[in-house]
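This report refers to the structure that appears directly beneath it.
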Amino acid sequence: MKYEHIKLDISGSVATLSLARPERLNAIGAATHPELRDALDRIEADKNVRCLVLTGEGRAFCSGQDLTERNIANSGKLDLGASLDANYNPLVRRLAAFPIPTIAAVNGPAAGAGANIALACDIVLMARSAYLQQAFARIGLVPDAGGTWFLPRLVGLKRALAMCLFADRIPAEDCERMGIAWKIFDDDIFAAEVSKHAAILAAGPTLAYRLAKHALMASGANDLSAQLDLERDSQREAGSSRDFIEGVMAFREKRLPRFQGE
Ligand code: T3D
């Protein structure tokens, strides 16, 4: 598939998927979704790729749904639920369960669904000038794309409510303080820091990462006993991986491990 709204770059074991409509602050339109699906298929099928970086071209990360492409005057005929079912919900489910580590490299504004797509990634890195905005209330909508699930877990119910009701811009420094962003970096070193973090994850034990992600995501619905069972099953699988052997050998030989991701 030829991409017009996104760009995909695969360098070594890192795939960088960029939303690429900078003149619309990388708003997601109807034509963006099939391209995203195709790109994620390609990344998942490429067993050499061991980290995904999701970012935006130009000065923004993503401004959410394209607000200019639909005939809003006829909004009685618009079924936004169908749009979520068809596009955003599968995207968020897929990112949250993606088999390799994912980094949202939030280079600038991340608004509406754009903010919550960032939250669906494993690690959020932000440029100091960037911000997240649950912009939905400003246009009479409710937070979607997983925002009402991720936010209370990340920042607590009251902060999540305030973010969604006031729909203010949340600066990167506040995102870091509240645990939404793992780290923020000055704009001039942001790209280099993203590459550094992606390289670390791409050289890590990919299978163990996948199992850890799954266990952490499952923890919210499990009691302690069920979670201990899940950890046992996950550790059984990780413990029979080649990376476990390599990790222990490297420890004993006092060298850095060379993980193959399996
Ligand atoms: O399918 C469904 O509809 C259901 C799913 C819904 C999920 C959603 O995401 S709904 C929420 C959609 N997003 C928003 O409400 C955010 C809209 N954008 C903004 O509020 C602001 O643009 C920002 C706060 C993100 C940035 O503000 P600022 O001042 O830095 O930039 P700007 O001047 O507003 O925008 C620059 C250009 O990008 C401008 O175009 P122009 O006038 O230069 O030709 C603006 O129209 C365009 N743009 C920004 N966001 C969108 C957009 N165009 C289309 N859709 C957008 N979402």
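Its Cα gyration tensor gives the range 21-103 an equivalent ellipsoid, and the semi-axes of that ellipsoid, as √(5λ) in whole Å with the largest first, are 26, 16, 10.
Once Rg and the Kirkwood radius are both taken over the C-alpha atoms of the range 189-233, their ratio Rg/Rh works out to 1.20. Sorted from longest to shortest, the spans of the Cα atoms of the range 1-147 along the three principal axes equal 47, 33, 26 Å. To the nearest ten degrees, helix 32-45 and the longest principal axis of the Cα atoms of the chain are 0 degrees apart.
Please report the antiparallel percentage of DSSP beta bridges with both residues in the range 46-169, rounded to the nearest 5.
Working: 1 of 11 bridges.
In the range 46-169, DSSP labels about 10 percent of beta bridges as antiparallel.
Think of the range 145-244 as having a plus end and a minus end, set by charges on the Cβ of Lys, Arg, Asp and Glu; of ALA192, MET217, PHE150, MET217 sits farthest toward the positive end of this dipole. Here's how it looks for GLN65: its modeled amide H is under 5 Å from those of ILE28, ALA113, GLY114, which are all 5 or more places away or on a different chain.
Taking 1 over the mean of 1/r across every pair of different Cα atoms in the range 1-59, what Kirkwood radius in Å do you get? It works out to 11.6 Å.
Comparing GLU69, GLU231, GLU44 in a Gaussian network model of the chain, where Cα atoms under 10 Å apart are tied by springs, the biggest mean-square fluctuation is seen for GLU69. With all protein chains in place and a 1.4 Å probe, the accessible surface of the chain carries 57 percent carbon and sulfur.
Per DSSP H run of at least 4 residues, take -39500 (n - 2.57); add these up for the chain, divide by its residues and hand me the 222 nm value, nearest 500 deg cm²/dmol.
Helices in the chain give a 222 nm mean residue ellipticity of -13000 deg cm²/dmol.
Where both bridge residues fall in the chain, DSSP classifies roughly 30% of the beta bridges as antiparallel.
What's the long-distance tail for the chain, i.e. % of Cα pairs beyond 29 Å? The calculated P(r) of the chain puts 33 percent of pairs beyond 29 Å. Between the helical axis of 206-218 and the dominant principal axis of the chain, each derived from Cα atoms, what acute angle in degrees is found, rounded to the nearest 10? Between helix and principal axis, roughly 50 degrees.
Grouping the Cα pair distances of the range 88-186 into 10 Å bins from zero gives a pair-distance distribution of 18, 54, 27, 1 percent in increasing distance order.
Each principal axis of the range 34-77 carries a Cα extent, and these read 47, 26, 11 Å when sorted largest first.
What do you get for the angle between helix 157-166 and the principal long axis of the chain? Use alpha-carbon atoms, 0 to 90 degrees, nearest ten. Between helix and principal axis, roughly 30 degrees. Accessible area per residue for the chain is 53 Å², calculated with a 1.4 Å probe on protein heavy atoms, without ligands, DNA or RNA. With only the Cα atoms considered, the range 179-262 has a convex hull volume of 126 Å³ per residue. Note on the range 1-67 and the range 141-188: Cα centroid distance 22 Å, given to the nearest whole angstrom.
The values are calculated or read from the model by the stated rules, or taken from the named source; none is laboratory data. Since we're looking at a predicted model, the values are computed, not measured. Cβ: placed from backbone, ideal geometry, glycine included. Neighbour counts: every protein chain shown. Keep in mind that these areas ignore ligands, DNA and RNA; they rest on the heavy atoms of the full protein, side chains included. Shrake-Rupley method; radii C 1.70, N 1.55, O 1.52, S 1.80 Å.
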